[in-house]
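This report refers to the structure that appears directly beneath it.
Each value in this text was obtained by applying a stated rule to the coordinates, not by laboratory testing. Since the model is a prediction, treat every value here as computed from it, not as a measurement. For neighbour counting, all protein chains shown are included, and Cβ atoms are generated from backbone atoms with ideal geometry for every residue, glycine included.
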Amino acid sequence: MPSAWAGLAPGASLLASSHRRSRLTALDTASSYLESAAETTMMLKSLAKLPGLLPSFALMGALSATSAFAQPTAAPPVPPGPRVNIVAITQPVPTNTQFTLVDVPYLRDMAARTGGRLNVTLASHAERNLGGAEIVRLVRSGQAEIGAGTLSTLSGDVPILDGVDLSGMAPRIADARRITEGLMPVANRDLERFGVRLVIMYPFPAQVLFCRSAFRSLEELRGRKIRTFGASLVDLVGSLGAQPVSIGFPEVYSALERGVVDCAITGTGSGAAARWPEVSSHISDLPLSWAVAGYMVNLAWWNRLDPAVRAHLEATFHEMSDKLWQLGDEGTRDGIDCNTGNREGCRLNQLAPRPMTEVKSTPEEAARLRSIFERTVLPNWVGRCGARCGEIYNQVVAPISGVRFGG
């Protein structure tokens with residue numbers, strides 16, 4: 001049995017799990033995720049005993065202001081019947097807005113909408129001590145009925161998944177959505193061999209550069225050490241003459257603080273939530289990718305469900321998809337506004353106390369990114385994935401991206 005199974009036990013408490021991974025994660029968890037004032041008070045008293053932690057009341061207020069962002073409306077009612085218990089393990093940390101604004105109202109609170117018939121136990125990767133790459137195997141084994149993770153992280157099991165979100169492929173989020181819709185049936189043909197099925201794909205806010213010192217263009221990144229994740233970002237950063245460095249998200253704050261890396265790539269909102277403005281000074285607005293993720297279900301479990309229950313879940317996922325794409329779109333600019341101190345535009349994340357400088361992209365920069373995608377990122381991915389992937393790309397993605405593999 002793979003060593004990854006060792007992380008599938010429930011593990012420590014939310015506070016201990018989050019603090020072990022990052023003092024920042026523990027802080028935001030306490031201030032934004034708890035359900036009641038009493039729970040918040042108890043948690044903040046516990047946090048006061050931990051070094052270096054102060055409650056993020058600005059973030060708490062921002063999330064409170066957006067509490068109506070996603071209220072389920074469309075799913076058909078579920079008739080009376082046997083109770084269905086569901087384990088869902090979704091976002092990286094419970095402070096992701098995708099978790100607090102979508103997963104909580106749609107999944108965790110499903111029992112209240114179904115008269116207790118559908119009962120979802122919801123957890124983040126961090127709460128289960130998972131890195132994210134285990135999700136396919138976790139759902140396949142039946143230890144979770146529903147799982148979600150970024151596709152580049154899951155592509156070790158199913159290489160075609162990495163092609164959904166290649167760096168430089170989709171500068172506009174609308175194009176990213178069309179690509180995911182085109183590739184999902186293809187991805188499911190491979191995934192169903194593992195006993196799992198994707199039900200929706202969704203983006204995080206645009207993945208952009210955060211740097212410790214000034215830069216005006218991609219050319220000025222040459223020689224810098226840049227934190228990356230996923231093979232296609234490694235290809236992109238290497239093509240810029242920079243040095244890609246693999247560092248887990250919880251460790252990036254300290255890596256930037258100590259100068260272990262000069263820059264790091266993540267979503268605009270993710271960087272805001274993790275307080276990267278405290279340890280970096282410049283942020284680019286050029287989308288490098290979208291960290292596209294997906295929710296998947298155990299196929300045998302899914303097929304055994306009462307048709308009325310399955311119809312309710314299908315409608316729920318469909319509505320979640322629209323909300324998550326909206327969140328990815330709105331969250332992109334919101335993250336930049338929060339990081340650069342634009343109070344009027346900052347609604348989903350915490351306003352940076354030390355505003356960053358926004359590095360605005362130019363048509364020339366966008367053209368260079370497209371060239372790197374065409375000449376390096378795309379052929380390298382086909383080399384890893386195989387000739388079949390190149391054929392699928394040309395059939396499904398090339399009409400959207402405008403770049404054909406092989407010329």
Net charge near Pro353 (other residues with Cβ under 10 Å of its Cβ; Lys, Arg +1; Asp, Glu -1) is +1
Please give the Cα centre distance for the stretch 163-242 versus the stretch 257-322, rounded to the nearest Å. 12
Give, as a single signed number, the net charge of other residues whose beta carbon lies under 12 Å from the beta carbon of Lys225, with Lys and Arg counted +1 and Asp and Glu -1. +4
Expected output is a single nm value to one decimal: the length gained when fully extending between Asp306 and Ser213, i.e. 0.36 nm times separation in residues minus the C-alpha distance. What is it? 27.8 nm
Calculate one ³J(HN,Hα) per residue across the stretch 156-169 by plugging θ = phi - 60° into the Karplus curve 6.51 cos²θ - 1.76 cosθ + 1.60, and present them in order as whole Hz with x for glycine and proline. x, 7, 9, x, 4, 4, 5, x, 6, 9, 5, 4, x, 7
Starting from the Cα-Cα distance between Arg193 and Arg172, subtract it from 0.36 nm times their residue separation and give me the gain in nm to one decimal. 4.4 nm
Sorted by Cβ neighbour density within 10 Å, fewest at the top, the residues Asp306, Asp337, Asp165, Asp285: Asp306, Asp285, Asp337, Asp165
Taking the Cβ of Ser371 as the center, what net charge do the other residues with Cβ under 12 Å away carry, scoring Lys and Arg +1 and Asp and Glu -1? 0
